[in-house]
């Protein structure tokens, strides 16, 4: 969370006068500031010895990075959704349901063609953008403070959690209504794996951003 | 970098899944070549349907001895095979019954379910002739 405006100058002054970080935190806590507000204000300064307090890189907003991350996450969403659609249709054709309409097989073939076409374009773009952004962050760890990065990652986590929620609910509903076929279980598993992989990876990414800053 | 980051491994695994799924998808629906053959067969069926409807338009006159583009108000493309350019086979059997012939690249099942009452019926890959009888009023 962001530090309250009046707290940062106070912490700067206290650090300049040589007070320890724990001492400053204790004083602020006694004055009624919350633990999060205190930590945020102290986090604005790096814990390195110098004549005066050294500010940490503050979160920033860059149009160029907005472009990078928008392309990266658009390619990620397109890849994940169409990989899911492709796997769904392959499962449908591999395990046909006698209650399907005759036209379902034709529709599945058309969906497979679209899914392949989108994957062939979007997935290499996602890989390329991932590597580009990954290299940029490795070379300049201050880029982890990008606001677009934080927001897009959080948004992606939110979407992944929503999908897992829906997937879990659908699984329980089908279990309760007795329609739990191997075909449905395979599809639920596909969704859980896809959303789980995205969630796991970006959760780790977000945590590392916080640690390294 | 000798040790790869977990992100790289995940990306490699995702790439393997994507490639496997795309290959499985292509094996299921057939590649561009097979899709082309399906399109050509659909066009043949559409041509034959247009010819049938053009011949059914004027029931008062007997069937013509051969298919004439101007008399039937059809285009040259409607009367010829889209791949070879050969005209479709046509033979009047009586005043109102005739036979149409076309050569299909794939069996009729490749195109999925179609109108079971269509005169062309089910067919195998290769030349196929069928008789068209006018519907009884």
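Observations on the structure shown:
- Distance between the 7 Å Cα→Cβ label points at residue B:97 and residue A:120: 4.9 nm.
- Peptide B:11-21 has a mean shielding of 5, counted as Cβ atoms of other protein chains within 10 Å of each residue's Cβ.
- The range B:35-61 and the range A:151-213 have Cα centres separated by 50 Å.
- Beta bridges per DSSP with both ends in the protein assembly as shown, % antiparallel, nearest 5: 95 percent
- Number of partner chain Cβ atoms within 10 Å, mean per residue of A:91-100: 1
- Pairs of alpha carbons in the range B:1-81 whose separation is greater than 16 Å (percent): 69 percent
- Tensor-based shape of the range A:1-117 (alpha-carbon gyration tensor, a/c under 1.5 rounded, otherwise prolate or oblate): prolate
- Using alpha carbons only: equivalent-ellipsoid semi-axes of the range A:56-163, gyration tensor based, whole Å: 38, 14, 10
- The tail of the calculated P(r) for the range B:46-125, taken as Cα-Cα distances beyond 22 Å, holds 26 percent of the pairs.
- Globularity ratio of chain A, using Cα Rg and 2.2 N^0.38 Å: 1.44
- For chain B: rounded, prolate or oblate by the Cα gyration tensor [a/c cutoff 1.5]: prolate
- Per-residue average of Cβ from other chains inside 10 Å of A:195-202: 2
- Tensor-based shape of the range B:96-137 (alpha-carbon gyration tensor, a/c under 1.5 rounded, otherwise prolate or oblate): oblate
Read-outs: derived from the displayed coordinates by stated rules, not from any lab. Worth saying up front: this structure is predicted, and the values here are computed from it rather than measured. Neighbour counts run over all protein chains shown; Cβ positions are idealised from the backbone, glycine included.
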